[in-house]
Amino acid sequence: MMDNVIAIVGIHTDIGKTIASAVIAEAIDADYWKPVQAGNIGHRDKLVVENLISNGNVRVHEEAVLLSEPMSPHAAAHIDNVKIDHTRFTWPDTNKLLLVETAGGVLSPMYEGVTMADFVKYYKLPVILISQNYLGSINHTLLSIEVLKSRDIPILGLVINGNTNNESESFIEQYSGVPVIAKVPFFTELDHTAINAHAIKIRKSLLNYVEHSGTGQ
């Protein structure tokens, strides 16, 4: 297992991984890296997190692969004629805990024949799984947990992005044995002040799970 690295993985795309990553990074003083970014170049996830966390200009790292089209990385790489090889990524040089945000969901393709789960498994990264409450999310969350467990990928816990649903969250925790370790709301004002204020609220809980996992600094 790589020291001081946690993968931020979602149950599917547009689930709130980037905002959750910003809050988590602010809460536990971690750096941030999204190795593969497809599309939205001028408003890509790196720039979003950089603007939301303290000292983002030095704590947010450049992508390993930057693709022009907003689509699945394997398709975007084909259009851009770019070859992706996750085994040859140059990782950020940092002494801090590093959050690594994947793209899409657990089994979304990174490139031909390789999924985000394969990337996480290759580097033996523990995972914080980002979920959200909506009709069908219990199924999507449990399926994602099953995929990670089947590959012996450690799951530090769930972070719920958006509205709370106690019944759904309780069922997922009891059925899977994976705890909800933090909740991130839908922010009415999305800026550093809001991110920092919520990070302070969830810092103790997050640090408890991260430190007990042996991943913390």
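The values are calculated or read from the model by the stated rules, or taken from the named source; none is laboratory data. What you see is a predicted model; the values in this text were computed from it and never measured. Note that each Cβ is placed from the backbone with ideal geometry, even for glycine, and that neighbours are counted across all protein chains shown. Note: accessible area is taken over every heavy atom of the protein model, side chains too, but ligands, DNA and RNA are not part of it. Shrake-Rupley method; radii C 1.70, N 1.55, O 1.52, S 1.80 Å.
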- Note on the structure: Taking 0.36 nm per residue of separation between LEU190 and HIS43 and subtracting their Cα-Cα distance, the length gained on full extension comes to 51.5 nm
- Message: Just to be sure I understand the rule: take each whole DSSP H helix in the chain, project its Cα atoms onto its long axis, keep it if the span is 18 Å or more and its mean Kyte-Doolittle hydropathy is at least -0.5. Which ones pass?
- Response: 137-150, 192-213
- Query: ASN163 versus LYS149, label points 7 Å from Cα toward the beta carbon: distance in nm?
  - Reply: 2.8
- Query: Per 5 Å bin, what is the whole-percent P(r) computed from every C-alpha pair distance within segment 53-143?
  - Reply: 2, 11, 19, 21, 19, 16, 10, 2, 0
- Report, in debye and to the nearest 20, how large the dipole of the chain comes out about its Cα centre when Lys and Arg carry +1 and Asp and Glu carry -1 on their Cβ. 280
- Task: For a quick protection proxy, order the peptides 160-170, 35-45 by their average other-Cβ count within 10 Å, most packed first.
- Result: 35-45, 160-170
- Message: Given the -39500 (n - 2.57) contribution per DSSP H run of 4+ residues, what per-residue ellipticity at 222 nm results for the chain, rounded to the nearest 500 deg cm²/dmol?
- Response: -12000 deg cm²/dmol
- Task: Measure out, as a whole number of angstrom, how far apart the alpha-carbon centroids of segment 9-71 and segment 121-162 sit.
- Result: 18
- Message: Counting only protein heavy atoms and a 1.4 Å probe, tell me what percentage of the chain's accessible area is made up of carbon and sulfur.
- Response: 49
- Expressed in nm to one decimal, what extension gain is obtained for the pair THR87 and GLU112 from 0.36 nm per residue of sequence separation less their Cα-Cα distance? 7.6 nm
- Candidates (1) 24, 20, 17; (2) 37, 18, 14; (3) 28, 21, 15; which is the computed semi-axes √(5λ) of the Cα gyration tensor in Å? (1)
- Message: Just to make sure I understand: if all protein chains stay in place, what is the order of LYS124, LYS34, LYS201 by accessible area at 1.4 Å, largest first?
- Response: LYS201, LYS124, LYS34
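Just to verify a number: FRET efficiency for GLU63 and ASN208, C-beta to C-beta distance, R0 = 30 Å, to 0.05?
0.45
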- Item | Accessible area in square angstrom per residue, the chain, 1.4 angstrom probe | 47
- Query: Between their Cα atoms, which of LYS83/LYS183; LYS83/LYS149; LYS46/LYS124; LYS124/LYS201; LYS46/LYS149 are more than 27 Å away from each other?
  - Reply: LYS83/LYS183; LYS83/LYS149; LYS124/LYS201; LYS46/LYS149
